[in-house]
Structures are given as C-alpha cells and as structure tokens.
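Scroll down for the structure; my scribbles are underneath it.
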Amino acid sequence: MVNVFLGSNLQRFTHGVEEVEVNASSVKSLIAELDRRYPGIADALDPKFALAINGEVIANPGYEKISDGSEVRFLAPMQGG
Amino acid sequence: MTVAVEESPVKKSYKWVGTRPVRHDGLEKVNGKARFAADMTKPRMIHGHVLRSPLAHAKILSVDTTEAESMPGVKAVVTAADFPPPSKNEGFPHRSSNLIAREKVRYEGQVVAAVAATTRRQAKAAAAKIAVKYEELPHVLTVDEAMADGAPLLHENLITKGLDTTPKQASNIAKRDYFEQGDLEAGFAEADVVYEHEFTTKVVHQGYIEPHACVADTSKDGRSEIWCSSQGHFMVRSATAEMLGWETSQLKVIPAEIGGGFGGKTTIYLEPLAVKLSQKANRPVKIVMRREDVFKATGPTPGTKIRVKIGARKDGTLTAGKAWLAYESGAFPGSWGMLGGWCVFAPYDIPNVQIESFEVVVNKPVNIAYRAPSAPMAAFATETVIDQIAREIKMDPIELRLLNAVEEGDYNHSSMVGTFQRIGLKETLEAIRDHPNYKIPLGPNQGRGVATGFWFNIAQSSSATVNLTENGRAVVVTGSPDIGGSRVSMALMAAEELGIDVKFIQPVVGDTEAVGFTDVTEGSRTTFATGMAVVRACRELVTQLRERAAIMWDCSVEDVEWVDGKAHHSGNKESPLSLAEITAKAKKTGGPLNATGSLEAKGQGPAFSTQICDLEVDPETGKATILRYTTAQDAGTAIHPSYVEGQMQGGVAQGIGWALNEEYIHDKKGVMQNPGFLDYRIPVASDLPMIETVIVEVPNPKHPYGVRGVGEVGIVPPIPAIANAIHDATGLRLRDLPMSPVRVLEGLNQQNGVG
C-alpha cells in the first residue's frame, strides 16, 4: 500500500480526507486507482502537477515506479527564482 | 571559509572540483565585449515601442490605431487582435492574458498595443497617437482591500479553489491551501510561552540591472529568430510559439548574455510583440524596456500579510505552530501563497501545525519568482516569533533552533517534501554558533540578530553536448543561460570527469537548435541538473575514449582503464595514451568524438542558510547601518567556491535591501510613484559591509558530486535577521517592511513617548 497525501484543492473529492492508502505500484496506476475511488480527481490535477515520493521531489512525474509503503504527496507545479 | 561535514559520495578528493579558476566568460564581462540583447543590431532593423495602460483597472472600450499607422517612419502596429485568444492549458498560467490586454487592463503598465518604426522616437510618438477609450474601474492594491466584502473584482469568473465548499460567487481570492498536523489546541495548551503576531511585507522588484530586451527577425517563410535576455531560451521559444499560435519549429531563440534575473526572467514580455511587429514590417525589430517599464510591467514579488502563532515549552521545545498567510499575486493568479505555506515552518520539527494560505489578485503587475519565491516573507514572521520566544525563555536563539531543527528522517508535513532526506540545517546553525563573529562584543545602539531559512530547490530537464576537438580540447554545450557562473561550474565537472585541465574546456550556452531541450535556469537547479547532464555526456565520452584506445592498441576495451585523463592498459603492455593522443587519431579510429547527456533530473537537495547580522541604529535618524554580516549555507559540494560565495552574498545583499529600503509606492489611483532607482533604493556597495561566508558542505547523495542548489536560500534569512538585530539594538519589534529610517524613528519616538 502507498500512503497518499492530498492537498486541500483535491480533498473535495475525498470529503475532506487528506491521507488515503492506495494499492499501486506506479504513478500511473496510483492516479488510475485514485480516480476510480474518487471520480474526477485525475482531471482535477494540475496538468503540470509534481510529486514528492519519500521526500524526493519529482517535477514531472508520469511513469515512476512506487514501492510498497511509500509516502506520496501531490504538489502544485514548482517554481523557483 | 568552507566547512566540509562529510566526504563526498563519489571521491575523497578532486583535482578540479572545488578550485577557483577565472571564469571563461569573465574577461568579456568586464571589458564590455559580452553581448547583451540590447547590443544586438541587424541590417534594416527598426525599433519597437510598447503602449501601456495609464490606469490600474479599466475596461477597454476601443483601440484605434489609424492615426498612429500614418505617422512618419511607422512600419507596423499590433494590438490584441493580432494574437490568438489564450488557450486553457498554456504552459504558464495567464501568460497570454498578461502579454497584451484584451477586454480589460488590470494594472498600470499592462500592454495595450505596440508600434515599430524606423527610430525609437518615431515609434514612441506614434504610440502616443493610438486612441484608447477606457472605462475606469475601482481598483484594489492590497490583500486587505482585495479580500474585503464587496471588493471590486479583477476577474468576474474567478472562483476560489481549495475551499471545503466551492463558492458560487467570484472573488479576488484565487486559491486557498490548507495543511494540518497533530492536535493544534493540545499543542498550544502544553506550551509555556505562546506568541502570535501579524506581519506585512511590501511588493519589491528583483532589481536586475539589465532591462528586458529582444530583437526578432521574422522571415517571409514564417520563421523567426529571436535574440533575447532570459533565464531560459527554450521557455521563450515555447511560450512565444504558444502566444502566436505557431509551431516551435518556426522559432529559433539565441540566448544573449543576461544582466541579472533572480527569477524575474523566467517568463516573457516582449518577444511575441517583436516577432509579430517584425512579421508585419518585414524588418528585424528591437524592443528595449526602460527602467520604468521594468518596474511597472514585469513581475515583482508579492506583498503579503502573514500571522504566525508559535508555542514552546520553557525548555525550548516547540509544541505548536499556526500560520495564516495571504500573498498578493498581481493581476492574475499564481501559486505564491502555497509556496509560502510550504516554507513557513519547514526548518522546524513542530508536532502540531495548522497552515492556511491564500492567493489574492490585486491591480498590480503579475508576480513572478524572486530568489526562493515566497519564502523570505514567511521566514520574516516565523523567525521573528522564534527570536521572541528565545528571549522570553532566556535561551540562546541558535540553541533554540538547534533543539527544534529538522534533520534526515524527520517528517515535516507542511514542508511539502514530507520526510527529509540528508539535509544540512543543523550544520549551518553550528557553523554560525561557532563562528567568531557570533561572540564579538557590541557597543551602544548596536544589536545582533539571527535567522535561518529553507528553500526546496528544483531539478527538471537539462541537456548537454560535449565535443572533443582534434587536439584534445573539449567544448561543453548546454542549454542553461549562465546567470551565476554556471559555465565555469560545467567546465570544472567536465575537467574532473575527462581528466584534462579546465582551461582546455570551453563551456558554451547553445541556442535552441544547437543543444537539447533544457528547462529554465531557476530554482537553483543549473549546477545540479545541467551538471548531471554534463557528467553523463563526459562518462559516455570516456567510454568512447577507451574504445578508441583499444582500437589503437588492438586489445579488448575491457583491458583499457581511464585514469587521470589517460587511457591505461590494465596489463601495462602499452604506454598510457593521453586524451589528446587519442583525439589526434580520431579519423583513423572511427571519426570525431562527441556525446550528449540529457535527463529529467531528480533528487535535488533542500537548501538551508543561517545568518547573523550586526547593525547599529542611529537614534536621531532611525537609520540602521549594517556593521557585520555572516552567512552559513549548505552547498552540498561547492563546485566553484567563489561563485557559491557570490550567490550567498548576492542573496544577502538583496535581502538587506528588501528589509531596509525597497517598496513599491502607489498613489490613490494605483499609479506607481517610484519606478526608478533614484526613488526605489536598492543597496549599493557603500551600504554594505563585506558579507562573510561559510560554505557548509553536506553532500547531496543524489548528485555525482554532491551538489545542492545554492542560488536562492541566501535571501530567506536577512529580513528577520535584521529585524531581530534592530530589536536587540533598540527594543523595537518591527513587523512591517521596509524597516526604513522613517519607520524605525517612528517606533523609537513612540517608545520614548515623543510625537
């Protein structure tokens, strides 16, 4: 299982729940499972969303593998100066 | 000073990495030969002038260019009608809408039209003849005004995102972000000391010395070449193509040298206008902003209002933190409030936290990144309250921070990354605690302030091509504009990999058709990510060099090792071959040697900086003079220590200006009153002492040389460090920026019961 943390902009799909457990082995399957459980959440993701997997930020995620027990956080697009 | 905390993950010592050669572009930069965008000229070139809104908020009723088009020398005029409507998923939100106003202008300085004429004077005169009819609307300039009930709306369809219930009414609040962790009420209940205060910061500009400039030359075949100053020419290509409705293959962008960016050149303002004017005029068109344009129409950093409440036990343990942050985003939504929320408590392990942040549109220029965007304002609030707690419980402010500092393995829910990997916050705190400057006795009216700061850094995509010449030299081509010494950093890493003298390596910034896609130079990412691309290319070249040596020796490649720039036969059956000896025979062994490296980098290490400021306050004028300034920052590994120090010092210098002097001043109509460096005062050399640096090296295990980003975090601590020093000197707690002599004097007079 993967622990997924959803920002407040996505919690309207989970009725305010911030942390959910999802059975997934990749970013692709994670999003598919989230969307199955919370219809519409995939479309609500910013087209340029980022992820942090176990503290490592991935600016352009898509097909990364996720190991069991990982902590995944959805992030808005990154900006820096 | 450099403090190496751990050995590098790769080698115990380096020959080139960590040395300080003169940068390859250094001579041209100091003798005036370096070519910036405004230096570019082309045969038959004409000049553009941009017509900007004089009003902060108005409907555009009509734009009539008839008279302007008949003016002497005029070759082309463009308005919003010349550009396709904004697409929903454009790469940078609202960039098209900001490029040129359509139904409304939303800030003073927004583009309404542009003219190209034979001379700049003719273009300016013609622009003045464009007849624009406006219906002026009420405006809002601060988060308080914009968030008030019944506030004038900038966007009639802007519905707040991130609320528990989606509102039915539009407002100026674009987005709300919310985090919570633990039990906030219980956390504050177990605290012995609780402080809560409100802080405000003003809009400030990045203040780069070079104004935005570009030259576009559009051919009749529908292709255009653009020379411009930016932090990312691939971004310029894609954004310009998007705003024109063109294919990226129609555009070639050639990077000019850049005279400062600090985040402000991570977007575009002029290029689509110049391309379209050039297309219409069938001539190359140059547009150069004036300083007034830069202030009024390019992205400053947000003004903010932030409330922070922190609780601690008498032993210094932080028990709870609550933050409410409202960030302006200028005339269109951004993500500045969210970034501030990520940073506000990031340095500390606080078990019970609640953070609520808002993104608020106002009638000011669209905000854009400025060195660790959003973090300095959040740190101003947190680090000031932390200082207050330290005084209340009579604990050294560094020891208090050390007690609560995050480290590897700590889980920080609000910091965005979640669980921290190897970081160097504690090491920067210890470096400052142990520095002699922390113990220098202070005199009358003098004070010392401490603060720390966090920034997460960015990785993204980078590409590099390395070509070996016939005589054993290397040309390293990357797609990253060099805004802080990255060319020489690339050369040093290539020298280390290839084993040749860094002076035999020529680092080049290639145009959009000369090197692979590369993201913007932002987020302190270039030495990290583009450096990884260079290392990849060099390692591929080393494989090729071994193969060529094997051909020359007629042996298996497995029998060839690459050591210190030479091929060695593992059985010592042959004399070593230098890189130059191998490239000299390249035509006989398979042809030229070159390799590319490209990647979507991951694993950038978060950056931390801790700083101490000593200053003296003149009780008669309120002027704060910086006496000493010391900054310790975790660089991971300093590839070229001089440029790491330069980044650290640059961030501090800008932070000092932000703290003490800089602010946008608007009149009641929303018109900026100080759009020039005489009235908008950035620090000059005589305002600053030598900023002393301590490079802390806690190598990032995810980079072949241990690099973290170094360009941004240095600007995070100065504001609270100075505020805390002013308090130490005077007893005044200043919570509104800038802490100018007028504000300090007001505070002192109040304190003394004067006036």
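Couple of notes before you dig in:
- Taking the range B:701-715 as the range and being within 11 Å of chain A (Cβ to nearest Cβ) and at pLDDT 95 or above as the test, the residues that pass are B:Gly711, B:Glu712, B:Val713, B:Ile715.
- Test: residue in the range B:378-392 that is within 12 Å of another protein chain (Cβ to nearest Cβ), of a type in the set (Asp, Glu) and touching a strand residue (DSSP E or B) at 6+ places or on another chain (Cβ under 7 Å): no
- B:Arg448 vs. criteria touching a residue at least 40 places away in the same chain (Cβ under 8 Å), of a type in the set (Lys, Arg), assigned to a helix (DSSP H, G or I) and within 24 Å of B:Gly651 (Cα to Cα): no
- Across the range B:449-475, the number of residues qualifying as buried (at least 21 other Cβ atoms within 10 Å of the Cβ) and away from every other protein chain (no Cβ under 14 Å) comes to 10.
- Taking the range B:1-77 as the region of interest, the strands (runs of 3 or more DSSP E) fully inside it that hold 2 or more residues being out of contact with any His (no Cβ under 6 Å at 6 or more places or on another chain) and surrounded by fewer than 20 Cβ atoms within 10 Å (Cβ to Cβ) are B:2-4, B:58-64.
- Residues in the range A:9-39 that are part of a helix (DSSP H, G or I) and among the hydrophobic types (A, V, I, L, M, F, W, C): A:Val27, A:Leu30, A:Ile31, A:Ala32, A:Leu34.
- Any chance B:Gln647 is within 14 Å of another protein chain (Cβ to nearest Cβ), more than 30 Å from B:Tyr438 (Cα to Cα) and in contact with a strand residue (DSSP E or B) (Cβ under 9 Å, 6 or more places away or on another chain): no
- Scanning the range B:164-181 for residues that are surrounded by 14 or more Cβ atoms within 10 Å (Cβ to Cβ), more than 8 Å from every other protein chain (Cβ to nearest Cβ) and under 18 Å from B:Pro333 (Cα atoms) gives B:Ala170, B:Ser171, B:Asn172, B:Ile173, B:Ala174.
- When B:Ala725 is tested against (1) surrounded by fewer than 24 Cβ atoms within 10 Å (Cβ to Cβ); (2) in contact with a Leu (Cβ under 6 Å, 6 or more places away or on another chain), just one condition goes unmet, and that condition is (1).
- Residues (of a type in the set (A, V, I, L, M) and farther than 24 Å from B:Lys175 by Cβ) located in the range A:31-47: A:Ala32
- Residue match in the range B:707-724 (condition: among the polar types (S, T, N, Q), in contact (Cβ under 8 Å) with a residue 12 or more places away in the chain and out of contact with any Cys (no Cβ under 9 Å at 6 or more places or on another chain)): no
- Screening B:Leu492, B:Leu498 for residues that are more than 14 Å from chain A (Cβ to nearest Cβ), among the hydrophobic types (A, V, I, L, M, F, W, C), out of contact with any Pro (no Cβ under 9 Å at 6 or more places or on another chain) and crowded, with 24+ Cβ neighbours inside 10 Å leaves exactly one candidate, B:Leu498.
- Among the candidates B:Glu513, B:Glu522, B:Glu547, the residue that is buried (at least 24 other Cβ atoms within 10 Å of the Cβ), out of contact with any Phe, Trp or Tyr (no Cβ under 7 Å at 6 or more places or on another chain) and of a type in the set (D, E, K, R) is uniquely B:Glu522.
- Within the range A:40-81, the residues that satisfy the criterion of being in a strand (DSSP E or B) and either hydrophobic (A, V, I, L, M, F, W, C) or within 8 Å of chain B (Cβ to nearest Cβ) (or both) are A:Ala50, A:Leu51, A:Ala52, A:Ile53, A:Glu56, A:Val57, A:Ile58, A:Glu71, A:Val72, A:Arg73, A:Phe74, A:Leu75.
- Scanning the range B:157-195 for residues that are in contact with a Gly (Cβ under 9 Å, 6 or more places away or on another chain), closer than 19 Å to B:Tyr327 by Cβ and among the charged types (D, E, K, R) turns up B:Lys175, B:Arg176, B:Asp177.
- Subset of the range B:182-201 (residues that are crowded, with 19+ Cβ neighbours inside 10 Å and either of a type in the set (Ser, Thr, Tyr) or under 30 Å from the mean Cα position of the chain (by Cα) (or both)): B:Phe199, B:Thr201
- Residue satisfying all of: in the range B:405-426; closer than 19 Å to B:Thr2 by Cα and buried (at least 24 other Cβ atoms within 10 Å of the Cβ); nearest to the other protein chains (Cβ to nearest Cβ) among these: B:Ile423
- Of all the numbered requirements in (1) among the basic types (Lys, Arg); (2) modelled with pLDDT under 90; (3) closer than 15 Å to B:Gly418 by Cβ, A:Arg73 misses one, and that requirement is (2).
- Leading residue by the ranking (surrounded by the most Cβ atoms within 10 Å (Cβ to Cβ)) among those in the range B:356-366 that are more than 10 Å from chain A (Cβ to nearest Cβ) and touching a helix residue (DSSP H, G or I) at 6+ places or on another chain (Cβ under 9 Å): B:Val360
- Wholly within the range B:224-313, helices (runs of 4 or more DSSP H) carrying at least 3 residues that are closer than 16 Å to B:Ile483 by Cβ and of a type outside the set (S, T, N, Q): B:233-244
- Residues in the range B:255-275 include at least one that is in contact with a Ser or Thr (Cβ under 7 Å, 6 or more places away or on another chain), within 14 Å of chain A (Cβ to nearest Cβ) and not basic (Lys, Arg).
- Test: residue in the range B:188-197 that is in contact (Cβ under 8 Å) with a residue 60 or more places away in the chain, in contact with a strand residue (DSSP E or B) (Cβ under 8 Å, 6 or more places away or on another chain), assigned to a helix (DSSP H, G or I) and not assigned by TED's automatic domain parsing to the domain that holds B:Gly676: yes
- Close pairs (8 angstrom Cβ cut-off, 6 or more residues apart or separate chains): within 14 Å of A:Leu45 (Cβ to Cβ) and within 12 Å of chain B (Cβ to nearest Cβ) in the range A:11-25, at pLDDT 90 or above and in a loop (DSSP other than H, G, I, E, B) anywhere: A:Phe13/A:Tyr38; A:Phe13/A:Pro39; A:Phe13/A:Gly40; A:Thr14/A:Tyr38
Table: residues versus (1) under 28 Å from A:Phe74 (Cα atoms); (2) at pLDDT below 95.
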site: B:Asn412; (1), (2): yes, yes
site: B:Gln421; (1), (2): yes, yes
site: B:Leu442; (1), (2): no, no
site: B:Asn445; (1), (2): no, no
site: B:Thr452; (1), (2): yes, no
site: B:Arg473; (1), (2): no, no
site: B:Val476; (1), (2): no, no
site: B:Gly479; (1), (2): no, no
site: B:Lys503; (1), (2): no, no
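- Matching residues in the range B:728-746 - criterion: being without any contact (Cβ under 8 Å) to a residue 60 or more places away in the chain and crowded, with 20+ Cβ neighbours inside 10 Å: B:Leu732, B:Leu734
- Wholly enclosed helices (runs of 4 or more DSSP H) of the range B:562-664 bearing at least 2 residues in the same structural domain as B:Glu697 (by TED's automatic domain parsing) and buried (at least 24 other Cβ atoms within 10 Å of the Cβ): B:641-660
The values are calculated or read from the model by the stated rules, or taken from the named source; none is laboratory data. Since the model is a prediction, treat every value here as computed from it, not as a measurement. Glycine also receives a Cβ, built like all others from the backbone with ideal geometry; neighbour counts cover every protein chain displayed.
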